[in-house]
Every structure is written in C-alpha cells, then in structure tokens.
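Structure, as structure tokens:
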Amino acid sequence: FGALLRDITDRKTAHDRLEHLAHCDLLTSLPNRNALQAKLTAAAGSVPLALMLLDLDGFKLVNDTLGHSVGDQLLTDVGARIKEAVGRDGYVARLGGDEFAVMTVNCVHPLYVDQITTRIFESLQSPFELAGQSIFIGTSIGIAMSPADGTTPEQLLSSADLALYSAKGDGGRVRRFFA
C-alpha cells in the first residue's frame, strides 16, 4: 500500500477567492453583472420574474463636488439600503457605475413589483450622512417582466433598460414598466 498526500489548502483558497471576485462587486460586496446574468439565465423562461434596473439620479454631481471616495461610500450605502428594502423578495446586484438591478422570481403581478419599488424609493428618501454633508439621492427604475417582456436574459435586460430610459426621460425619481 502506498499513499501520496498533498496539502491543497492554498490552491482551494485561491480558487474560492477567484470565484468570489468573478461574481462579486468589490465596492459594495453585492453580486455583480456576471452573477446577475447567471441568475437570469437559470430562471428566465422557466419561472415568471421581474427585472428592475435602477440608475441613481444626480450621482455624477456627488462625484464631481465631493470626490470619488464619497461617491464610492454612497454607492455602498445605497446598495445596503436597496438590499434591506428588497429583503428576501429579490436578488440585488450592482451592474457598475451607479446602476443596480433587482430580480424577483415567481412574480406575476405588477402590483407586487410596484410595492417593491415603493419600498426602494422610501429607503432612499432619508439623507446619507457622508463627509459632513447630508446627501439626498434618488433613483429611476425601469421594469421588465417575464415572459411578457422577454424570455431570455438579453431580452429582459434590454426591455428593462428601455423602461429605465423612459423613467430618466420623465425627469427621474419614477418607475416605468416596459411598454
């Protein structure tokens, strides 16, 4: 009988770290675009779902006037508030920049999505206290629902993005369903 033993703890740790980096936004610790894409791929077409894309209103002004470090902290705090507002009802991800996404599965009624977006709006109403400043930030939300607005991740993202564009065009701080 012969045996060869090898300690692969470091290799396993490095693999786990790479996996984390591939699917996690380093700034907010929320899932990233890749993780959302994987979730959408797994769920799209098999269960009804809603995809909400959020874009912060006035974020560029915060970065320009208070600096990127304050902007980064604001993004982290916004992500935490969105996650708290959504709770177990959805999957929250940061897509990049000042864009976030919320996906809810087994969602068939627009009024349910409306309730979630209302909670998100309410969570962002109170100011963020950063760098000795009270920062007020709002968001615009574009919503797409499967299967009506798409059955593939690409279709759902495109539909939600068009709805978001409509919300931004209406002055921001509103939600729009894809039409």
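The values are calculated or read from the model by the stated rules, or taken from the named source; none is laboratory data. From a predicted model like this one, the values you see are computed outputs, not experimental measurements. Backbone-built Cβ (ideal geometry, glycine too); neighbour counts: all protein chains shown. All accessible areas refer to the heavy atoms of the entire protein, side chains included, with ligands and DNA or RNA removed. Shrake-Rupley method; radii C 1.70, N 1.55, O 1.52, S 1.80 Å.
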Inset, instruction - With the checklist (1) within 17 Å of residue 53 (Cβ to Cβ); (2) more than 16 Å from the chain's Cα centre (by Cα); (3) of a type outside the set (A, V, I, L, M, F, W, C) in hand, flag the one item residue 147 doesn't pass. - result: (1)
Inset, instruction - For the stretch 8-26, indicate whether the set of residues that are in a strand (DSSP E or B) and either of a type outside the set (Lys, Arg) or under 23 Å from residue 122 (Cα atoms) (or both) is non-empty. - result: yes
Inset, instruction - List every residue pair whose Cβ atoms lie under 6 Å apart, where the two residues are 6 or more positions apart in sequence or sit on different chains, the first residue falls within the stretch 43-60 and is under 13 Å from residue 121 (Cα atoms), and the second residue, located anywhere, is assigned to a loop (DSSP other than H, G, I, E, B). - result: 56/98; 56/137; 57/172; 57/173
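Each row is one residue, and each column tells you yes or no for (1) in contact with an Asp or Glu (Cβ under 7 Å, 6 or more places away or on another chain); (2) of a type in the set (Lys, Arg); (3) farther than 16 Å from residue 144 by Cβ.
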| position | (1), (2), (3) |
| --- | --- |
| 12 | no, yes, yes |
| 27 | yes, no, yes |
| 44 | no, no, no |
| 69 | no, no, yes |
| 82 | no, no, yes |
| 88 | no, yes, yes |
| 100 | no, no, no |
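Every residue, every condition in (1) at pLDDT below 95; (2) assigned to a loop (DSSP other than H, G, I, E, B); (3) open to solvent by 40 Å² or more (accessible area, probe 1.4 Å); (4) under 24 Å from residue 59 (Cα atoms), yes or no:
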| position | (1), (2), (3), (4) |
| --- | --- |
| 103 | no, no, no, yes |
| 108 | yes, yes, yes, no |
| 117 | no, no, no, yes |
| 140 | no, no, no, yes |
| 157 | no, no, no, yes |
| 161 | no, no, yes, yes |
| 164 | no, no, no, yes |
Inset, instruction - Give just the number: which of (1) modelled with pLDDT under 95; (2) among the aliphatic types (A, V, I, L, M); (3) assigned to a helix (DSSP H, G or I) does residue 5 not satisfy? - result: (3)
Inset, instruction - Just need a number here: residues in the stretch 76-100 that are of a type outside the set (Ser, Thr, Tyr), open to solvent by 40 Å² or more (accessible area, probe 1.4 Å) and either farther than 16 Å from residue 55 by Cα or not in a helix (DSSP H, G or I) (or both). - result: 5
